[in-house]
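Just so you know, all these numbers are worked out from the coordinates, no wet-lab data involved. Keep in mind that this is a model prediction, so the values were computed, not measured. A quick note on method: Cβ atoms are made from the backbone with ideal geometry, for glycine too, and the neighbour counts reach across all protein chains shown.
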Amino acid sequence: MGFVMRNFNMFKAVWLIVTCCFLFPSTLLALEGKYYVVPKAELPIRSGKGTNYKILAIVKEGTSVEVLREDGPWANVRLADGKEGWILSRYLSSEEPPRKQVKMLRDQLSLLKNELSSTQTRLAKLREQLKACEAEKEGCLAKQSDITNKYNLLLTDSKNVTTLKAKYEKQLLEIDRLKNELTILRRENSQLKNDQNVKWFLAGSGVLILGWIVGYLLGRRRKRRFSTLL
C-alpha cells in the first residue's frame, strides 16, 4: 500500500510539472537563447534572484548574454567570459540595442560608400576602356572603308584590264591580218616588179629589133637608089 501511495505521489508531481510547463511555458522557456541588455547605464549580475544577492559583474548596454532559464522577473544568464548569474528579465531584449544597430548601420554605410567608390572607380575605368574601344572601332571602320575603296578600285581596274586585254588580243589579230596582207602585197609587188622588168626587156628588145629592121630596110633602099644612078 505504501508503495502504491509513493507511486501515486510521484505521478502527481510529474503531472503537476507537465501541467506547469503547458500552462506557463513563457516562464520556463521564453527567454532561452541569445539576448542583449537594453539601454541603461549599468546593470548588476547577481548570484541569486534578488537585489540582496552578491553582485558578480556589471554589464553595460548592448552586452550579449546567453539566457539559460527564467524564473519570474529574473533570468539566469551566462556572460561571454563564462560567468553565470541572475538579472532582471525586463532589461533583456532579443533585438540588438539601438546604439549597436546604429554602429552596425554606420559600418554598413561605410562599407557601401567604399563599395560605391570602388564601383565608381571601376566605372570610370570602364568608360575609359569604352572610349578607347570606340576610338579603335572608328579606326577599324576607317580602315575598312579604305580597304573597301581599294577593293572597288581593284575591281574597276580588273574590269579595265579585262577590256584592255580583249582590245589587245583584237589588235594582235588585226596585226596578224595586216602582216598577212603585207606579205601578200609584197609578193604581188615582187611579181609586178618581175612582170615590169620583163615588159621593159621585151620593149627594149622590140625597139632593137625594130631599129635593126628599119636600118636594114633603109640600107637596101639606098643600095637600090645607088644602083639606079649607075
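Odds and ends about this structure:
- Separation of the Thr163 and Tyr216 label points, Cα + 7 Å toward Cβ, nm: 7.8 nm
- At R0 = 25 Å, FRET efficiency that the Cβ-Cβ distance of Lys179 and Lys199 yields, to 0.05: 0.25
- Taking label points 7 Å from Cα along the Cα-to-Cβ direction, Lys54 and Leu141 give a separation of 8.7 nm.
- Cα gyration tensor shape of the range 97-169, rounded if a/c is under 1.5, else prolate or oblate by comparing a/b with b/c: prolate
- Restraint check, Lys49/Lys83; Lys137/Lys159; Lys60/Lys83, Cα-Cα greater than 27 Å: Lys137/Lys159
- Candidate cross-link partners of Lys193 among the aspartates and glutamates, defined by an alpha-carbon separation under 13 Å and a same-chain spacing of 8 or more, are absent.
- Packing-based ranking of 81-94, 206-219 yields 81-94, 206-219, ordered from highest to lowest mean Cβ neighbour count within 10 Å.
- Net length available on complete extension from Ser117 to Ser190 is 15.7 nm, with 0.36 nm assigned per residue and the Cα-Cα distance removed.
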